[in-house]
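Take a look at the structure below.
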Amino acid sequence: MSGRLEGKIAVITGATSGIGEATAWRFAEAGARLVLAGRSEDKGQALAEQIGTEAIFHRTDVTREADIAALLDKAVSHFGRVDCLFNNAGAGDRTSAESVTEEDFDKAFRLLTGSVVFGIKHAARVMKAEGGGSIINNASIAGHRINQGGYLYSGAKAAVAHLTRLAGVELGPHGIRVNAISPGAVATPIFWGGSARAQTLSEEENAQKMEKLKRNLANATPLPRAGLADDIAYAALFLASDEGSFINSHDLVVDGGRIAMFNEKPSG
């Protein structure tokens, strides 16, 4: 994989765990220089140090447009430009149509949809000056099918997929490709409360939860294994590289075939 992103500058949100962390490592192996974004200063700095001198961490709350703008500006000031933005930060929810509150709504859509809207806005601002780039948004099969995620999570991810198509058409003439990845059931700590919850558990407890989760998810797709963070990371690597240079406004489903299990209408 070495060299596929040689010389490219990539910004990754939600980079301190799960899919974001896996993508950071795969991008670094492919030669990219990285700006890692997240809310945990300790974890972010530690990851940047592990990756090496070609990675820096910038603390970012992606629910705030000002933080997103500052993140992209930091990438430009430190590395000179931005070639790729992976809008990856997110979290699940347990809301329903009858239980949802204003607070739930604001929190979910600011995090899951607003971060993408303003990530695209500010990435486009800096990428236009350099003649183009690749924006990748983390969507979900929950945006395609029911019963794949929480009420607000699913609605927000559906919005991400459509915003991707709209932005790709608008920004394509400027050489900016905008694509999404829709993961299926990928084994990450989001299933037991996200990275914040995982940090309260011991390494052994997290490992036990992960192995149990992998066994359960292996029974939920046509392929007999769970999805892994690296499966999404490699998809992002392809879309960020020159190999994906003619792919735009596309939502790439990476789910082991799970979405196909829900294509048929229920009988009866």
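Every number here is computed from the coordinates shown, using simple stated rules; none is lab data. These numbers come from a predicted model, not from an experiment. Using ideal geometry, Cβ is built from the backbone for each residue, glycine included, and neighbour counts are taken over all protein chains shown.
The figures follow:
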{"item": "Ranked packing of 17-30, 171-184, most packed first, by mean Cβ within 10 Å", "result": "17-30, 171-184"}
{"item": "Gap separating the Cα centres of the range 217-233 and the range 1-67, nearest whole Å", "result": "24 Å"}
{"item": "Fewest-first sequence of Ser241, Ser140, Ser96 by Cβ atoms within 10 Å of each Cβ", "result": "Ser96, Ser241, Ser140"}
{"item": "Protection-proxy order for peptides 52-60, 87-95, each taking the mean of Cβ atoms within 10 Å per residue, highest first", "result": "87-95, 52-60"}
{"item": "Paired Rg and Dmax values of the chain, which use every Cα atom, in angstrom", "result": "17.7, 61"}
{"item": "Residues Arg125, Arg4 arranged by fewest to most Cβ contacts within 10 Å", "result": "Arg125, Arg4"}
{"item": "Residue among Val62, Val126, Val11 with the largest mean-square fluctuation in a Gaussian network model of the chain, springs linking Cα atoms under 10 Å", "result": "Val126"}
{"item": "Candidate aspartates and glutamates - alpha carbon under 15 Å from Lys107, same-chain residues fewer than 8 apart omitted", "result": "Asp61, Glu65, Asp93"}
{"item": "Crossing angle, helix 229-240 versus the chain [Cα axis fit, 0-90 degrees, rounded to tens]", "result": "40 degrees"}
{"item": "Estimated FRET transfer efficiency (Gln208, His174; beta-carbon r; R0 35 Å; 0.05)", "result": "0.15"}
{"item": "Long-range HN-HN contacts of Val254 with modeled amide H, under 5 Å", "result": "Ser182, Gly184"}
